[in-house]
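Step one of this worksheet: look at the structure below.
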Amino acid sequence: MLKKHIIGIIFLIYLLAFAAPVFADDAPDITGMTAVLMDAQNMQILYNKDMQERMYPASTTKILTGIIAIEKGKMDDLIPVSWEAANTEGTNIGLQEGEKLTLRDLLYALLLSSSNDAAEAIAEHYGKSADNFAVMMNQKAKEIGAVHSHFTNPHGLPDEDHYTTAYDLALIARYAMQNDKFREIVREKEITIARVDPEGQKYMVNHNKLLSRYEGAIGIKTGYTVAAGQCIAAEVKRDDRELIAVVLKSEGNDLWTDTENLFNYGFNSFRNIYLVKRGQVMGQAEVSNGSLKAVSLVTDRDFTWNLPTKNGNELKRRLVLNKNIKAPLKKGQKLGELIFSDGETDIARIDLLAQSDIERNIIARWWVWSLSVGLVGILLGILLLRLRISRIRRRKRYIRRRYSNGYIR
């Protein structure tokens, strides 16, 4: 079941990734080498600049490290710091060998202050080694649908075999932000963690400046190395809309203006509309041998889509039903699909479900026919037996009359 589920997710992601993007006329000019703007609800791509190009992710790697740790552990787990973790290169909070911190505090260090030593300690604890944890990272990335990524470490320090794409990183960010614990951590601007070491760094400041400078920003992670340049995966929520922007290999302050321009473009140049809502009746399907001749078809989920505010073409829809629908049917049984397309490419497939149970027509049930035939047979047998008995009785009466009248000598 899990394998089929993963294949289904990857197919849906492939469908959306290679569907024709719906760009508006005023798309921004982005300094970053690659970028993508994605609707967090339906994964629709609103902007794409070489989003499938292989890139170094730098510390945005820690998004994947963090969500794996949250799923594997408990927030109060005590995690020891090894010599290797304490001596990890790059940005760190000065963890000491033998020190122990809770997973919660290490996650704040990881995701706010971008601590490489916290990443290493987490990886060693839940993967038994950093190398084994990298295997877990690649497995999780595949499950999410980030099939063009490969990770060799939990922090994002440069490695030729450690890479992602803007699109894959958006998928990873989307997945992580569906977890309430992760979401709560990355929206904090600053926090103080517990350290036994009185000289240890306790005050964590989020490197994501969008939390203070852009309305509705709720996360998630920045990154930088010389090879990767300035990187970010960010999410903004306004009313019932959530957009994810990824910019890789930008420069200096352009990282923030790139990201802000993408969000401005997404919120101002597109209107988000409900094409269907969960449970909406889309028509009926004929049912063979049913107690009713037809059953109503309802959608299994909401589906929204972004259309350009100027000259946006509506999507086309078509219903595809299963062949030869027969009773009995169970409420919620899949009977077909509602397919949305832009005229060239299928954009989404919404399952159509039976709105109610449909029993088989009593006349159509085999056991009714069998019972009926059996009863008829029994009745005929009884009738023939009665006729036979009646004939025997008449014969006996006839014989008795002949004896009594002296006809038989």
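Bear in mind these aren't lab numbers, they're just calculated from the coordinates by the rules spelled out. Because the structure is a prediction, the values reported are computed rather than measured. Cβ sites come from the backbone with ideal geometry, for glycine too, and all protein chains shown count toward neighbours.
Tabulated data
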{"quantity": "Proxy reagent accessibility, fewest Cβ within 10 Å first, across LYS249, LYS237, LYS334", "calculated": "LYS334, LYS237, LYS249"}
{"quantity": "Charge context of THR257, other residues only, Cβ under 12 angstrom, K/R +1, D/E -1", "calculated": "-3"}
{"quantity": "Whole-Å semi-axes of the ellipsoid equivalent to the chain (Cα gyration tensor, √5λ, descending)", "calculated": "70, 29, 16"}
{"quantity": "Under-5 Å amide H pairs with LEU157, H placed in peptide plane, nonlocal only", "calculated": "none"}
{"quantity": "For the stretch 99-111, 3J(HN,Hα) per residue [Karplus equation, 6.51 cos²θ - 1.76 cosθ + 1.60, θ = phi - 60°, Hz, x = Gly/Pro]", "calculated": "5, 10, 10, 6, 4, 4, 5, 5, 5, 5, 5, 5, 9"}
{"quantity": "log₁₀ of I(q)/I(0) at q = 0.14, 0.16, 0.17, 0.18 Å⁻¹ - the stretch 43-136, Debye sum with one point per alpha carbon", "calculated": "-0.51, -0.63, -0.70, -0.76"}
{"quantity": "Net dipole in debye of the chain [+1 Lys, Arg Cβ; -1 Asp, Glu Cβ; about Cα centre; nearest 20]", "calculated": "7260"}
{"quantity": "Filter on LYS128/LYS181; LYS72/LYS181; LYS100/LYS142 - keep pairs with C-alpha separation over 21 Å", "calculated": "LYS128/LYS181; LYS100/LYS142"}
{"quantity": "Straight-distance crosslink candidates among aspartates and glutamates, where the alpha carbon sits under 13 Å from LYS326 and sequence neighbours closer than 8 are dropped", "calculated": "GLU286, ASP357, GLU359"}
{"quantity": "Rounded, prolate or oblate (a/c below 1.5 giving rounded, otherwise prolate when a/b exceeds b/c) for the stretch 261-327 by Cα gyration tensor", "calculated": "prolate"}
{"quantity": "Residues with amide H under 5 Å from that of GLY336, placed H, sequence gap 5 or more", "calculated": "ASN322, LEU352"}
{"quantity": "Order of TYR163, TYR203 - criterion: other Cβ atoms within 10 Å of each residue's Cβ, fewest first", "calculated": "TYR203, TYR163"}
{"quantity": "Karplus (6.51, -1.76, 1.60) ³J(HN,Hα), θ = phi - 60°, over the stretch 378-390, in Hz, Gly and Pro reported as x", "calculated": "4, 5, 4, x, 4, 4, 5, 5, 5, 4, 4, 4, 5"}
{"quantity": "Residues of type lysines that LYS310 reaches as a straight line, Cα spacing below 29 Å, ignoring anything fewer than 8 places off in the same chain", "calculated": "LYS49, LYS237, LYS277"}
{"quantity": "Built amide H within the under 5 Å cut-off of GLU99, gap 5+", "calculated": "VAL81"}
{"quantity": "For the stretch 277-362, size of Cβ-based charge dipole, Lys and Arg +1, Asp and Glu -1, in debye", "calculated": "200"}
{"quantity": "Added length on full extension, which subtracts the Cα-Cα distance from 0.36 nm per residue, ARG54 to ASN289", "calculated": "79.0 nm"}
{"quantity": "Table column - 3J(HN,Hα) (Hz), the stretch 117-130, Karplus curve with 6.51, -1.76, 1.60, x for Gly and Pro", "calculated": "5, 5, 4, 5, 5, 4, 5, 5, 6, 8, x, 6, 6, 5"}
